[in-house]
Amino acid sequence: MVEMLFAKADLPRRPPVRRMRVADAGHIPGTKGIRFVCPHCGHDTGWIADEWTITENRRGQPCPACNPQKWKGTDVDIILTVADHEKNGFVALARWPGLAEAEARQMIESMDAQVISDAEPDNATAAFAFILDLWDRGDLVDSGKRLLPLQDAMRIAQEPVSRWLSERPEPDDVLHRAVPALPRFSLPVA
Ligand SMILES: [Zn+2]
């Protein structure tokens, strides 16, 4: 009789990869887009650039929430917020989820670097100004060093910014509105 070196229950077992399923597919500006939702935890990627094969997509992508090690370092969000001084509040307009922290910081820095000094809104006099914030799982970690003028905000999030501008909602009224996720390519390459 062969003696087992390890009791069966002690054998190292790799936890199964939890995969998200395709919720939607189509086109986003400039490329193919896809949206995954995790049936285990409900994580929703929002629209992201589709860079996989049909087979890979049908099998499903590993869920970044259920398998954090699979998407190591891709767990911060950039959020574009407008400070509406006339309405005395903030409105979150767009988010870029699932970025590596270093990459997200570089993207914010390059947005800061592109702001022309004369165009930077003055917090004391401007009706509104835009800010890029860095969020890590529900915590505000950092913000851009510059306030972004309208043209810079429009360049990275045209649809949500135009919508906000035409509505000019009361910040409290839209507090619970879902913030649209935009694909990473709409931000400048770091
Ligand atoms: Zn999940």
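Couple of notes before you dig in:
- Flag for T74 being within 16 Å of the ligand (Cβ to nearest atom), over 19 Å from L175 (Cα atoms) and modelled with pLDDT under 95: yes
- On inspection, F185 does not qualify as touching a helix residue (DSSP H, G or I) at 6+ places or on another chain (Cβ under 8 Å) and either at pLDDT below 95 or not assigned by TED's automatic domain parsing to the domain that holds G26 (or both).
- Yes/no for S166 being closer than 18 Å to V91 by Cα, part of a helix (DSSP H, G or I) and either out of contact with any strand residue (DSSP E or B) (no Cβ under 6 Å at 6 or more places or on another chain) or not β-branched (V, I, T) (or both): yes
- Whichever residue in the range 14-43 is buried (at least 17 other Cβ atoms within 10 Å of the Cβ), near the ligand (Cβ under 10 Å from one of its atoms) and not hydrophobic (A, V, I, L, M, F, W, C) and, among such residues, is farthest from the chain's Cα centre (by Cα): R18
- Test: residue in the range 95-116 that is at pLDDT 85 or above, of a type in the set (D, E), surrounded by 15 or more Cβ atoms within 10 Å (Cβ to Cβ) and closer than 18 Å to V179 by Cβ: no
- Some residue of the range 119-130 being touching an Asp or Glu at 6+ places or on another chain (Cβ under 9 Å), surrounded by 16 or more Cβ atoms within 10 Å (Cβ to Cβ) and within 28 Å of A65 (Cβ to Cβ): no
- Residues satisfying the stated conditions in the range 169-190, i.e. part of a helix (DSSP H, G or I) and surrounded by 14 or more Cβ atoms within 10 Å (Cβ to Cβ): P171, V174, R184, F185, S186
- For the criterion of being within 16 Å of the ligand (Cβ to nearest atom), surrounded by 14 or more Cβ atoms within 10 Å (Cβ to Cβ) and closer than 22 Å to P29 by Cβ, G60 fails.
- Taken across the range 46-53, residues that are within 16 Å of the ligand (Cβ to nearest atom) and either within 18 Å of W96 (Cα to Cα) or at pLDDT 75 or above (or both) do occur, with at least one present.
The values are calculated or read from the model by the stated rules, or taken from the named source; none is laboratory data. Only a predicted model underlies this, so the values are computations on that prediction, with no experimental measurement involved. Because the Cβ atoms are built from the backbone with ideal geometry, glycine has one as well, and the counts that use them run over all protein chains shown.
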